[in-house]
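S.K.: Quick one: the structure is below, questions incoming.
The values are calculated or read from the model by the stated rules, or taken from the named source; none is laboratory data. Just so it is clear, the structure is predicted and the values come from calculations on it, not from any experiment. All Cβ positions, even for glycine, are placed from backbone atoms using ideal geometry, and neighbour counts span all protein chains on display. All accessible areas refer to the heavy atoms of the entire protein, side chains included, with ligands and DNA or RNA removed. Shrake-Rupley method; radii C 1.70, N 1.55, O 1.52, S 1.80 Å.
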Amino acid sequence: MTAMIDYTREELDDADRRLSEVSSSGAQLQAALRQAEGYRNFLSSLTGLLTAVFVLKGQEDLSKLAEGPRVVVIVLLSTGFAALVVASWLTVVAANGRPAERVPADAISLLDYEAERIPRIWTQVEFARWMALVSVLAIASAVIVTWIAPGGS
């Protein structure tokens with residue numbers, strides 16, 4: 001529950017002005033693009049981190065694993081890296097649009113474009129977040145399997 005605070009007319013007018021600014025489709029589009037760029041940078045860092053973890057830890061030679069765990073590790077690694085590629089691609093598309101995508105030249109088309117583009121960016125970023133999570137979990141699971149799985153005969 002929020003406390004009742006007496007605001008001055010100037011504070012209320014300033015809040016209304018700021019609300020108008022941030023609720024415009026242009027400001028929302030800029031916010032969506034900034035978030036997409038942030039996730040793109042996050043995924044770049046995540047890729048480097050996962051690469052370092054995978055290279056430094058876990059069995060280096062999967063042929064030493066028993067057949068079942070080896071298949072599990074290969075599936076997990078393939079899934080993890082595929083999810084990371086999808087997540088990276090989605091954030092690039094969200095932040096930069098599709099190649100040759102044109103911004104409309106008239107006001108009505110621009111407003112229509114912004115109204116369509118903003119939810120598409122949020123959807124792409126949200127899906128990229130889930131793909132990044134899948135990637136981390138799959139690759140971490142693969143490394144753990146290499147630590148605990150019995151070796152082959």
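S.K.: How large is the convex hull of the C-alpha atoms of the chain per residue, in Å³?
M.R.: 175 Å³
S.K.: With every protein chain left in place, what is the accessible area of Arg9 in Å² (1.4 Å probe, nearest 10)?
M.R.: Solvent-accessible area, nearest 10 Å²: 140 Å².
S.K.: Here's another thing I want to ask about it. Sorting Glu21, Glu126, Glu10 by accessible area (1.4 Å probe), largest first, what list results?
M.R.: Glu10, Glu21, Glu126
S.K.: To continue, here is another question. For the full complex of protein chains and a 1.4 angstrom probe, list Thr123, Thr79 by accessible area with the highest value first.
M.R.: Order by accessible area, largest first: Thr123, Thr79.
S.K.: How much of the accessible area of the chain, in percent, comes from carbon and sulfur atoms when a 1.4 Å probe is used?
M.R.: So the carbon and sulfur contribution to the accessible surface is 65 percent.
S.K.: Name the residue, out of Ser88, Ser44, Ser20, whose mean-square fluctuation peaks in a Gaussian network model built on the chain with Cα pairs under 10 Å.
M.R.: Among Ser88, Ser44, Ser20, the largest GNM mean-square fluctuation belongs to Ser20.
S.K.: Compute a Gaussian network model of the chain, connecting alpha carbons closer than 10 Å, and tell me which residue from Glu101, Glu67, Glu116 fluctuates the most.
M.R.: Glu101
S.K.: Rolling a 1.4 angstrom probe over the protein heavy atoms, how many square angstrom per residue are accessible across the chain?
M.R.: Here the per-residue accessible area is 66 Å².
S.K.: Could I ask something else about it? R0 = 35 Å: FRET efficiency of Arg102 with Ala82, Cβ-based, nearest 0.05?
M.R.: After rounding to 0.05, the efficiency reads 0.70.
S.K.: Long-range amide H contacts for Ser24: which residues qualify at under 5 Å (H placed 1.01 Å from N, peptide plane, sequence gap of 5 or more or a different chain)?
M.R.: none
S.K.: With θ taken as phi - 60° and the coefficients 6.51, -1.76 and 1.60, list the Karplus ³J(HN,Hα) couplings across the stretch 80-90 in order, rounded to whole Hz; mark glycine and proline as x.
M.R.: x, 6, 5, 5, 5, 5, 4, 4, 4, 4, 4
S.K.: How much accessible surface area, in Å² rounded to 10, belongs to the heavy atoms of Trp147 with a 1.4 Å probe?
M.R.: 150 Å²
S.K.: Step through the residues of the stretch 39-46 one at a time and calculate ³J(HN,Hα) from phi using the Karplus curve (6.51 cos²θ - 1.76 cosθ + 1.60, θ = phi - 60°), rounding each to whole Hz and writing x for Gly and Pro.
M.R.: Each residue of the stretch 39-46 in turn: 5, 4, 5, 4, 5, 5, 5, 4 Hz.
S.K.: Further question: Please list the non-local residues whose amide H lies under 5 Å from the amide H of Leu65, H modeled 1.01 Å from N, same-chain partners needing a gap of 5 or more.
M.R.: Residues meeting the criterion, in which the H sits 1.01 Å from N, are Gly152.
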